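Heads up: the structure comes next, in structure tokens.
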Amino acid sequence: MNYNDELTQTNVLHWNYRGFTEFPLNELKGEESEVTDIYLKENLLTRLPSNIGVLEHLESLYVSGNDITELPREISKLRCLKCLDVSGNRLRRIPDEIGEARSLKFLILDENELTELPLRISELRRLRYLSVCDNKLRWLPQRPVYNYHHCEFRFWRNCNLKTLPYSLWYHMFRDQQTRCLNIGCLDAATSQNTNNRNNQCKLKLSQDSNEIEVKIECPPQHNVILESKYYSPPSLYEICRRQFYQMIITAVKKLNPQTYSFYSEHVTENLYNEHNNNNLVDLQENFHSINIDPRDDKYSDENGNKYKSVSVKEAVYRKATKPYYVPADVLREHFDFLPNVLISDLSSGPVSTCENLNCKKAIFDHVYYEFCFGEIILIDKIEDVLLSATFCSKYCADYWKRSKDALPWSLEN
């Protein structure tokens, strides 16, 4: 078949059931920018090409029913992509860069092998439908979607998922009727877990006069997990990340025109004010003096050129070219002098934030856990589901428990 003839008739390519073993990008022969929709369902694909970004006007990509194990980081270059359907594959992870595909409205990840969702998925502000049913999720982020009230989030039949984050329940499911929230998940009665994993939270619950032991999987980023009866201060590295992230978030808010009526001209004031004592200027100079390793391909531009380190004061006045800013943008453009591991942590953001509404500090690896029950309204009944709450300190955990029926638990190492 002449694929160019097919393309001249329409910008939509129907390539379902063709037996393709590789993504037929080379068949377009210079017409890549003309394609808006590609259907490649039920083929034999094992991957998507790393140069998929040449499909610069692609709006819909349907590759369900293939054998794809991972998505390339370059998926972020599909700036016009609105619908991505990769259901029925063998995906084991979603790259953090998915957060940069900012036009996405529909993301369908059903029937894969995902154990977690990337934290940056919450950067997709236009997302209206996220489905991750029939996977192997063990935990959910506090904010899997940016807008709780305008995005439908489905995660049914993840049998290892036993709890909802308190914030997710409070903002998305509390007092809202749903049809099938806990089909195949959130069932304590079937939570016997034979996996020997570190840092599991173990609860003993009473159900129908029987005592049930529930083991809760914690995000692997939470290296230090504590009960509120103990006190242990976070590491200096954790404290620095929390403080630095708050500064980045403040700068992001001032860069986003939909949030503030004044933008970049005030970011310098935020990052370089008298209270900061020019600490960031000193930090930049110190890192330059010890010659931090150059950035890897993850921080290259679309032409493959490495980002060059520039001063924050220079970068902060550059004209914004994005519909909105996120922490990764600010870090990449203004703090290129930092070590890669720190930029990676801050770009992905914290695993959770403190549930104490008067605090809301970022939490990276040092966390206090508490558990309680919350009600879910189904069509014909009301059910209790187990909720997990995270806190930055013993004080915040104790404060939260004053008005909650917290459940006793212990840590299983």
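The values are calculated or read from the model by the stated rules, or taken from the named source; none is laboratory data. Keep in mind the model is a prediction, meaning the values are calculated, not measured. Cβ placement follows ideal geometry from the backbone for every residue including glycine, while neighbour counts extend to all protein chains displayed.
General observations
- Filter result for L71 (of a type outside the set (D, E, K, R), in contact with a Cys (Cβ under 8 Å, 6 or more places away or on another chain) and closer than 25 Å to D134 by Cβ): no
Quick grid of which residues meet (1) in a loop (DSSP other than H, G, I, E, B); (2) under 21 Å from G349 (Cβ atoms); (3) touching a Leu at 6+ places or on another chain (Cβ under 8 Å):
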position	(1), (2), (3)
I121	no, yes, yes
K136	yes, no, yes
P141	yes, yes, yes
F153	no, yes, yes
N160	yes, no, yes
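- A single entry from S64, S76 fulfils the requirement of being buried (at least 16 other Cβ atoms within 10 Å of the Cβ), part of a loop (DSSP other than H, G, I, E, B) and without any contact (Cβ under 8 Å) to a residue 60 or more places away in the chain: S64.
- Any hit, region 100-107, residues being assigned to a helix (DSSP H, G or I), modelled with pLDDT under 95 and either buried (at least 21 other Cβ atoms within 10 Å of the Cβ) or within 14 Å of the chain's Cα centre (by Cα) (or both): yes
- If only residues of region 33-61 that are among the hydrophobic types (A, V, I, L, M, F, W, C) and outside any loop (DSSP other than H, G, I, E, B) are counted, the one that is nearest to H14 (Cα to Cα) is I38.
- Candidate set: region 162-189, residues that are in a helix (DSSP H, G or I) and of a type outside the set (F, W, Y); chosen: the one surrounded by the fewest Cβ atoms within 10 Å (Cβ to Cβ): A189
- Yes/no for K202 being in a loop (DSSP other than H, G, I, E, B), modelled with pLDDT under 90 and of a type in the set (K, R): no
- Residue that is surrounded by the most Cβ atoms within 10 Å (Cβ to Cβ), among those in region 377-408 that are of a type in the set (A, V, I, L, M) and under 21 Å from K215 (Cβ atoms): A389
- Of the strands (runs of 3 or more DSSP E) lying entirely inside region 344-413, the ones with 2 or more residues being β-branched (V, I, T) are found at 366-377, 382-391.
- L127 falls short of the stated requirement of being surrounded by 21 or more Cβ atoms within 10 Å (Cβ to Cβ), modelled with pLDDT of 90 or more, assigned to a strand (DSSP E or B) and under 16 Å from the mean Cα position of the chain (by Cα).
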